[in-house]
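Quick note: the coordinates plus some simple rules give every number you see, no bench work behind them. Small disclaimer: the values here were computed from a predicted structure and weren't measured. Cβ: placed from backbone, ideal geometry, glycine included. Neighbour counts: every protein chain shown.
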Ligand code: SF4
């Protein structure tokens, strides 16, 4: 068992070194951390003092404990989960587009360094593209795929059905069967598919790869 864990750790280290290089060639700032604790500390160190911080829904963010650490560090936050009505939640999502630092996960990453994200409302991918001064994305190495086509497939066929279940979707093919049915349901969480192939301005997006299996 220990031998298996060692092998996985070594493979992730080797693969991450190449992916970090490929992300940097696309003008992202990129890091590899061996576990979730190290990743949360690294992310926290990248948030400038006094920042207004917000985030998108992400199991990886929950698993790293980063949101708790942001609260404990005393940053000002915009937290959509604290909204008391759908209207307030929507308004907080709009305000988050102008925060200083936005945190989120990643659905899939191609080894060549292209990020793939699928979003239902679009607030998460919108903030990634434009608005917040800085974006920090965290992802377990289980999100790294060989090709861009593999990453697209992972985002739709693996991450999206799990996330549909997570947000309580009931009337989509994936909620019923666990498999994507390429639906047009009003409940679909697959409204927007965003591929980020370059970071502009340079280093605005920081990607932290983590040597564990995290999120969906
Ligand atoms: S069935 Fe619909 S909501 Fe579910 S993964 Fe496919 S497109 Fe997305």
- [ ] With springs only between Cα atoms under 10 Å apart, run a GNM on the chain and tell me which of 56, 65, 168 wobbles the most.
- [x] 168
Open item on the list: Kirkwood Rh and Cα-based Rg: tell me the resulting Rg over Rh for the chain, rounded to two decimals.
Closed with: 0.96
Open item on the list: How high is the relative contact order of the range 2-210? Use alpha-carbon pairs under 8 Å, at least six apart in sequence, and give a whole percent.
Closed with: 27 percent
TODO: Pop a pseudo-label 7 angstrom from the Cα along the beta-carbon direction at both residue 17 and residue 202 and give the gap in nm to one decimal.
DONE: 2.5 nm
Task: DSSP beta bridges in the range 1-140 [antiparallel fraction, %, rounded to 5] - done: 15 percent
- [ ] Using DSSP, restrict attention to beta bridges with both residues in the range 66-216 and report what percent are antiparallel, rounded to the nearest 5.
- [x] 35 percent
Task: Most to least packed among 110-118, 147-155 [average Cβ atoms within 10 Å] - done: 110-118, 147-155
Task: Added length on full extension, which subtracts the Cα-Cα distance from 0.36 nm per residue, residue 149 to residue 85 - done: 19.2 nm
Task: For the range 1-58: rounded, prolate or oblate by the Cα gyration tensor [a/c cutoff 1.5] - done: oblate
Task: Residue list for the range 176-204, given a label point 7 angstrom along the Cα-to-Cβ vector of residue 130 and an amide N cut-off under 19 Å - done: 192-204
Task: Near-label residues of the range 128-151 by backbone N, under 18 Å of a point 7 Å along Cα→Cβ of residue 182 - done: 149-151
Open item on the list: Using square roots of five times the C-alpha gyration tensor eigenvalues, list the equivalent-ellipsoid semi-axes of the range 35-114 in whole Å, biggest first.
Closed with: 22, 17, 12
Open item on the list: Could you tell me the relative contact order of the range 29-77? Use alpha-carbon pairs under 8 Å, at least six residues apart, and round to a whole percent.
Closed with: 45 percent
- [ ] With springs only between Cα atoms under 10 Å apart, run a GNM on the chain and tell me which of 130, 31, 71 wobbles the most.
- [x] 71
TODO: Compare 137, 14, 52 in a GNM of the chain, Cα atoms joined below 10 Å, and give the one with the largest fluctuation.
DONE: 14
Open item on the list: If you build the convex hull over the alpha carbons only and average its shadow over all orientations, what do you get for the range 83-184? Give it in nm² to one decimal.
Closed with: 7.4 nm²
Open item on the list: Using alpha carbons only, how many angstrom separate the centre of the range 51-81 from the centre of the range 184-211?
Closed with: 18 Å
Task: Residues of the range 40-68 with amide N under 16 Å of a point placed 7 Å along Cα→Cβ from residue 95 - done: 51-56
Task: Sequence ranges 175-181, 121-127, 3-9, 74-80, ranked by mean other-Cβ count within 10 angstrom, highest first - done: 121-127, 74-80, 175-181, 3-9
